[in-house]
Amino acid sequence: MPSRRLVALALAGLGLLASTGTATAQSVNRDLIEGLEFQLLYVALPLSLFVLTVLLYATVRFYDNDDPQPTPEDPALEITWTAATAIILVFVGLAGYSVLVSPYVSPSQPADLAGGEEGGVESVEDLPETDDEVVHVRGYQWGWEVTYPDANVTTSDEIVLPADEDVTFWLTTDDVMHSLFVSDLGVKQDAYPGEYTRARTHVYETGAYDARCTEFCGAGHSRMEATVVVVPQEEYDAWLEENADSENASAPGV
Ligand SMILES: [Cu+2]
């Protein structure tokens, strides 16, 4: 029976979906993005199944109909499906908006923090204060230079972060556009020459995460990689202290 096979396939698909949905995210960013994806999927999946079922039914039921009749008018039904569609679209819009406005998903500029006060930020000293742990990330052809302003520590192609802490990246570049992408943490932000852009994260789990540049930036673009090393807060503080004023520190081993 093909219908039995279809049901089995649908059940297997749902099982797969449920198993991927239970994986815990490693950061607030990933949590928000995955949460939205699943919300939309749970709306889209039953709708798609419903439409496909109606389509299959009509195909099988009427395929050799020699005397087709025009569909009778049914205003109540038409109003119902228009209203249902509107409700679903409003839900999709609100769900998407609520994630997009999060500072962990959408970037901001120095002027946004300084109460909308315009004025060029020429150097890192002019950046507004935040309560987050602050890391300056400078992309260049072809690598990443990371400075931890509190202890005047610099690392290359390694970004050390404390776990369970709000983190602000101030991203900039010297030459062309670059983009910092940390897939596992749901961080992806373009960096512009001569400008500072703020991206945020809050990582739950310690570990090493791969980062790469996702803005084509020249011959060395494909090798423009970095590692994000997330350690417990105490270890992070100890590492900063140990490497204070170091221009070429290496990340603690994980
Ligand atoms: Cu690049």
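Since every read-out is calculated from the coordinates, none of them should be taken as a lab result. Given the structure is predicted, the values throughout are model-derived calculations rather than measurements. Heads up, the Cβs are rebuilt from the backbone with ideal geometry, glycines too, and the neighbour counts pull from every protein chain shown.
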Spelling it out for residue 176: with amide H atoms placed in the peptide plane at 1.01 Å from N, the residues 5 or more places away or on another chain with amide H under 5 Å from its amide H are 141
Once you put a point 7 Å from the Cα of residue 205 and another 7 Å from the Cα of residue 66, both along the Cβ direction, what distance in nm separates them?
6.5 nm
Mean Cβ count within 10 Å, highest first, over the residues of peptides 193-202, 72-81:
193-202, 72-81
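Sort 84-91, 225-232, 102-109 by packing, meaning the average of other beta carbons within 10 Å per residue, with the highest value first. It would help to have the intermediate numbers written out before the result.
Values: 84-91: 11.0, 225-232: 20.1, 102-109: 15.9.
Descending mean neighbour count gives 225-232, 102-109, 84-91.
Order these by the 10 Å Cβ neighbour count, fewest first: 137, 203.
137, 203
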Taking only the alpha carbons of region 125-242, the radius of gyration and the largest Cα-Cα distance, Dmax, both in angstrom, are 13.4, 39
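Sorted by mean Cβ packing within 10 Å, highest first, what order do the peptides 204-215, 123-134, 59-70, 177-188 take?
Most protected by this proxy first, the peptides run 177-188, 204-215, 123-134, 59-70.
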Residue ranges of DSSP H helices in the chain that stretch 24 Å or more (Cα, own long axis) and have mean Kyte-Doolittle hydropathy of at least 0.0 are 2-21, 28-62, 75-100
So residue 94 and residue 130, fully extended at 0.36 nm per residue minus their Cα-Cα distance, gain in nm 10.1 nm
Length gain on complete extension for the stretch residue 244 to residue 24, per 0.36 nm per residue less the alpha carbon to alpha carbon distance?
75.7 nm
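If you place +1 on the Cβ of every Lys and Arg and -1 on the Cβ of every Asp and Glu, how big does the dipole about the Cα centre of region 62-217 come out, in debye to the nearest 20?
Values: 5 positive and 31 negative charges, 26 e Å.
Charge dipole, region 62-217, about its Cα centre: 120 debye, nearest 20.
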The Cα extents of the chain along the principal axes, largest first and rounded to whole Å, are 85, 43, 38
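Placing +1 at every Lys and Arg Cβ and -1 at every Asp and Glu Cβ, with all other atoms neutral, what dipole size does region 54-130 have around its Cα centre, in debye to the nearest 20?
Details: 1 positive and 13 negative charges, 88 e Å.
Roughly 420 debye for region 54-130.
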Residues 148, 42 arranged by fewest to most Cβ contacts within 10 Å:
42, 148
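What does the charge add up to near residue 222, with Lys and Arg as +1, Asp and Glu as -1, over the other residues with Cβ less than 15 Å from its Cβ? If you can, show how the numbers build up before the last one.
Working: positive: 212, 223; negative: 157, 210, 215, 225.
Overall, the nearby charge balance is -2.
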Global form of region 170-227, assessed from the alpha-carbon gyration tensor, a/c cut-off 1.5:
oblate
